[in-house]
Amino acid sequence: QMLYCTKLTKQQLRDVIMTEQNVYSFPRTTVGGLSVSRFIIGTNWMAGWSHTGKAADCMIKNHHHSTETLCPMLETFLNAGIDTMMCSFQVTPVIVKAVRMTEQKLGKKIILIDTPAIDVTDSAEGRKNAERTIHASKELGADFCLIHHGSAELLVNKEKHEIRRIGDYTAMIREQGMIPGLSAHMPELIVYSDENGYDVETYIQIYNCMGFLMQVEIETVNRIIRNAKKPVMTIKPMAAGRTTPFVGLNFSWATIRDCDMVTVGCFNEMEAAEDIEISRAALERRGANLEGRSSPVQTQAAFGK
């Protein structure tokens, strides 16, 4: 995402957030009986999945190769009352380590939404593989296990409006004491799951003002989200940097329900603080406390100083 200059220094922003943590926690919702922050910590810009190209992927991985750069960002979120995080944790050990270190330092738990790819082969071996992957989610401390869209979509039968054998996998998740859900890049998964009453408590759905990676038009996805029987975790609000945080976050917060969530990926703690401020301002219907971007000419009267 694009970086804004704020009216406060980096340390001042973090101090403000830490001061406010007991006065104003970020709004929350309930999913499967568990209270979660409506702002979900995204991890593409921690793990190296930029959705732009190899150069950006390498930049991210080189920067976040250790916990040293990740922990300050997680502290910023936790101190703002944002304690819910989404990731494919099984393939990102450095992120898991940063989570544990931050939890220990602050004495606060981070709610983990794991999105593992599982083996959905209809065989005894396939089921054992799926069970092992789901058990690994539990071992990592995941609270939610949302089957990755790359696996779930292999089970979709559009003709019959069904997701074949999905109950087998949600039962495995329940047996491990986690809350089941679906990563639904294909918006039909939400529709079919609701139609058939599958045992899922939430959905992940791509949703942004650019229509980036969305399989049908924005208006249709908005209607699907608003009609969903369970809370929806929207992702990619800034279309992987194709729109600014101000535009992307204001659109998302303005057009989803109070029970739904926005998953926001950040590169560092300054971006985290900015996105928190933009999101709070959007929900409070006020102006965000942000300055304009830097310019070689800072005295352009028409745009303010």
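The values are calculated or read from the model by the stated rules, or taken from the named source; none is laboratory data. Note that the coordinates shown come from a computational prediction; the quantities given were computed from them, not determined experimentally. Cβ placement follows ideal geometry from the backbone for every residue including glycine, while neighbour counts extend to all protein chains displayed. Accessible surface areas use protein heavy atoms only, side chains included; no ligands, DNA or RNA. Shrake-Rupley method; radii C 1.70, N 1.55, O 1.52, S 1.80 Å.
Here are some residues: 171, 142, 130. Which one is touching a Leu at 6+ places or on another chain (Cβ under 9 Å) and modelled with pLDDT of 95 or more?
142
Answer with yes or no whether residue 126 is surrounded by fewer than 23 Cβ atoms within 10 Å (Cβ to Cβ) and on the phi > 0 side of the Ramachandran plot.
no
Out of (1) more than 16 Å from residue 44 (Cα to Cα); (2) touching a Gly at 6+ places or on another chain (Cβ under 8 Å); (3) at pLDDT 95 or above; (4) not charged (D, E, K, R), what's the single condition that is false for residue 259?
It is condition (2) that residue 259 fails.
Out of 240, 254, which single residue is of a type in the set (Gly, Ala, Ser) and touching a strand residue (DSSP E or B) at 6+ places or on another chain (Cβ under 9 Å)?
Testing whether each residue is of a type in the set (Gly, Ala, Ser) and touching a strand residue (DSSP E or B) at 6+ places or on another chain (Cβ under 9 Å) leaves just 240.
Specify which of the listed residues (211, 248) is more than 16 Å from the chain's Cα centre (by Cα), modelled with pLDDT of 95 or more and open to solvent by less than 40 Å² (accessible area, probe 1.4 Å).
211
Among the residues in the range 170-193, are any over 14 Å from the mean Cα position of the chain (by Cα), surrounded by fewer than 14 Cβ atoms within 10 Å (Cβ to Cβ), among the aliphatic types (A, V, I, L, M) and more than 28 Å from residue 122 (Cα to Cα)?
Within the range 170-193, none of the residues are over 14 Å from the mean Cα position of the chain (by Cα), surrounded by fewer than 14 Cβ atoms within 10 Å (Cβ to Cβ), among the aliphatic types (A, V, I, L, M) and more than 28 Å from residue 122 (Cα to Cα).
For the range 228-245: of the residues being of a type in the set (Ser, Thr, Tyr) and more than 30 Å from residue 199 (Cα to Cα), which is surrounded by the fewest Cβ atoms within 10 Å (Cβ to Cβ)?
244
Give me the strands (runs of 3 or more DSSP E) completely within the range 20-105, filtered to those with at least 1 residues that are of a type outside the set (Gly, Ala, Ser) and surrounded by fewer than 19 Cβ atoms within 10 Å (Cβ to Cβ), ordered by residue number.
28-31, 34-37
Name the one entry in 151, 123 that is out of contact with any Pro (no Cβ under 7 Å at 6 or more places or on another chain) and more than 22 Å from residue 214 (Cβ to Cβ).
Exactly one of 151, 123 is out of contact with any Pro (no Cβ under 7 Å at 6 or more places or on another chain) and more than 22 Å from residue 214 (Cβ to Cβ), namely 123.
Which number in (1) over 19 Å from the mean Cα position of the chain (by Cα); (2) open to solvent by less than 40 Å² (accessible area, probe 1.4 Å) marks the one condition that residue 225 misses?
(1)
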